[in-house]
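Colleague: Can you keep this structure in mind? I'll have questions shortly.
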Amino acid sequence: MMATVLHFIIQIIDHLGYVGIFILMAIESSFIPLPSEVVMIPAGYLAYQGEMSMPILLIVGALGSLFGALINYFIAYKFGRLIVLKYGKYVLIKESTLLKTEGFFTKYGSVSIFVSRFFPVLRHYISLPAGLAKMSLWKFCFFTFIGAFLWVCVLSYFGYYLGHSLSNVHNVNEIAGAFVGDTKDSMQADIKHKARLIIYIVLAVVVVIGIVAALLIRLKKSKDMESKK
């Protein structure tokens with residue numbers, strides 16, 4: 001099953017190019033749990049090989065993520081929480097996960113849209129509470145795009161780095177296979193280990209940035225409330 005999914009993803013990238021990247025990242029950012037690592041890291045490797053332009057790849061990947069997030073946003077915005085919960089079970093939306101994401105969004109507001117782009121599950125769900133809360137569309141697009149763009153940069157440049165560092169890589173299937181399924185050769189295990197290390201470092205930086213931003217926003221709100229008294 002996982003091999004079939006991997007083959008399907010590689011075929012889309014191979015035959016549709018940038019359009020395929022856009023479609024896959026839109027899917028990844030919506031309800032379907034497609035790992036962005038399987039899309040953007042091999043795409044970064046293709047950029048190293050000269051088959052894709054890195055600047056175009058980064059923009060297309062981020063726009064695809066934004067498009068997928070907007071689908072979730074408008075579904076929640078237009079139809080509301082009851083409809084999302086009623087039909088969400090058919091697309092793997094759990095009420096418990098939605099509640100946690102709503103709490104995260106309520107606590108951190110706009111910052112949560114940016115931070116969530118770097119976390120699995122959160123990136124799929126965070127658009128829903130944003131739509132339910134009828135968050136400003138331009139704010140939602142701005143924070144989603146910036147977060148998605150940075151995440152896409154991390155993955156794509158890691159794929160580019162693999163082209164430089166691993167001379168025994170023969171094709172993108174080997175790289176993508178490091179993030180799908182349980183059976184991996186030593187090279188794929190090394191790729192996944194390095195990817196995890198980089199992702200953990202990025203997540204740590206993002207969390208610190210998010211906390212600082214949230215504290216600054218809270219401080220500004222408290223000052224505004226005091227000035228109104």
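Values in this text are rule-based calculations from the coordinates and carry no lab data. Since we're looking at a predicted model, the values are computed, not measured. Positions of Cβ are backbone-derived with ideal geometry, glycine not excepted, and every protein chain shown enters the neighbour counts.
Colleague: Taking amide H positions as placed in the peptide plane 1.01 Å from N, state which residues far from V121 in sequence (5 or more) or on other chains have amide H under 5 Å from it.
Modeller: Residues meeting the amide H criterion: none.
Colleague: With Cβ to Cβ distances under 15 Å as the rule, what net charge do the other residues near Y200 carry (K, R +1; D, E -1)?
Modeller: +2
Colleague: Sort the following peptides by mean Cβ neighbour count (other Cβ atoms within 10 Å, averaged over residues), highest first: 37-43, 189-195.
Modeller: 37-43, 189-195
Colleague: Still on this structure, I have one more. Express in nm, to one decimal, how much length is gained between L215 and R81 on full extension, taking 0.36 nm for each residue of separation and deducting their alpha carbon distance.
Modeller: Roughly 45.4 nm would be gained on extension.
Colleague: Still on this structure: If R0 is 22 Å, what FRET efficiency do you get for I201 and I56 from their C-beta distance, rounded to 0.05?
Modeller: With a Förster radius of 22 Å, E is 0.25.
Colleague: Report the local net charge at I146: Lys and Arg +1, Asp and Glu -1, summed over other residues whose C-beta lies under 15 Å from its C-beta.
Modeller: +3
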